[in-house]
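The values are calculated or read from the model by the stated rules, or taken from the named source; none is laboratory data. These figures come from a predicted structure and were not determined experimentally. Glycine gets a Cβ as well: all are built from the backbone with ideal geometry, and neighbour counts include every protein chain shown. Keep in mind that these areas ignore ligands, DNA and RNA; they rest on the heavy atoms of the full protein, side chains included. Shrake-Rupley method; radii C 1.70, N 1.55, O 1.52, S 1.80 Å.
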Amino acid sequence: IYTVMLQSRLLAERQTRIGEGLDFEQSLGHEASVAGVAIDLNAEDVVVTSQKFLLPGFIKGVPLDCVFPSVRLQALPDSNVLVRSSGTADLLHRAARVALDGKVRSTDQVVAVFCHDDAHKDESWQETLTFAAEMNLPILFVSLEATGSGRSARANGSVKDKAYGVPAISVDGNDAVAVYRVASESISRARLGRGPTLIDCRCFRLSGSTSEKSKMSRSSSPASSKDVDAATSDDPIANLERYLSRKGLFTADYKLSVSSAFAAELDAAMAGRRFERAGRN
């Protein structure tokens, strides 16, 4: 989980620096919420997400040469990731259709649909969640709510109150371990035919470079234990580093090795993209 979260942050930062952050800039601060869910999905499970939020696809295994150039696809190859472009209704309806198809075929396939915090305002929200509850569909509705603080956000029950018969669990979206525990139980529940779950992740989303706090928390350079302890408590990566450090499982050398290896992969993806452009010209 830590590795894919760090890679996701590096990818978002790289895209933002080169002016292609439309897909990944909004991922900053949502790494724990997405990784905690997507990391436990099987190859045959399906992720449904929007074109402006490709982080679930990357964590699900979509190769960089598809994700990094901000491709506009309906389905990302060999990954069971469906990308929708027509708004919340299309996103939710597609997820429900895929989940219903899997149930009809008696598979143990699970569908995870990632929605941002305003999805519950769409008319299709009540319709889709009600249908999923009535049909006992194997689907996870993952609501990513960005607020000023993960801790203060937990008192706000706006999404949970609109679950329409779907069991709803609110979780601190800055805490990867908490998200993973909730998601793992919800995935197992769906595989056993016990129906859908709404996972309401409350996050402090880091965006752009609007403050010194954001700049510090977005840094992916190797950090000492002192640096990690000093990092903002709202950063999900810093949170997980502290958790792993307390268990003796985190070192700056490991972070450096992950960062260096993935930076090389990003460089290769960029080089391949430049070659492709040159070929077309």
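If the condition is being modelled with pLDDT of 90 or more, over 24 Å from Tyr254 (Cα atoms), open to solvent by 10 Å² or more (accessible area, probe 1.4 Å) and among the charged types (D, E, K, R), then the range 1-49 contributes only Glu44. Residue pairs whose Cβ atoms lie under 9 Å apart, sitting 6 or more positions apart in sequence or on different chains, and linking a residue in the range 162-188 that is closer than 15 Å to Cys115 by Cα to a partner that is among the aromatic types (Phe, Trp, Tyr) and not in a strand (DSSP E or B), are Lys162/Trp125; Gly173/Phe204. If you scan the range 243-272, which residues turn out to be assigned to a helix (DSSP H, G or I), without any contact (Cβ under 8 Å) to a residue 24 or more places away in the chain, farther than 30 Å from Asp65 by Cα and open to solvent by 60 Å² or more (accessible area, probe 1.4 Å)? The answer is Arg246, and nothing else. Just one of the listed residues (Leu100, Leu91, Leu137, Leu82) is at pLDDT 80 or above, touching a Lys or Arg at 6+ places or on another chain (Cβ under 9 Å), assigned to a helix (DSSP H, G or I) and farther than 18 Å from Ile39 by Cβ, namely Leu91. Note on the range 102-138: residues that are of a type outside the set (S, T, N, Q) and open to solvent by less than 10 Å² (accessible area, probe 1.4 Å) total 12.
Hey, can you tell me all the residues within the range 55-68 that are open to solvent by less than 10 Å² (accessible area, probe 1.4 Å) and within 20 Å of Ala99 (Cα to Cα)?
In the first step, residues of the range 55-68 are kept if they are open to solvent by less than 10 Å² (accessible area, probe 1.4 Å); the result is 55-57, 62, 67-68.
Hits for the range 55-68 are Pro56, Gly57.
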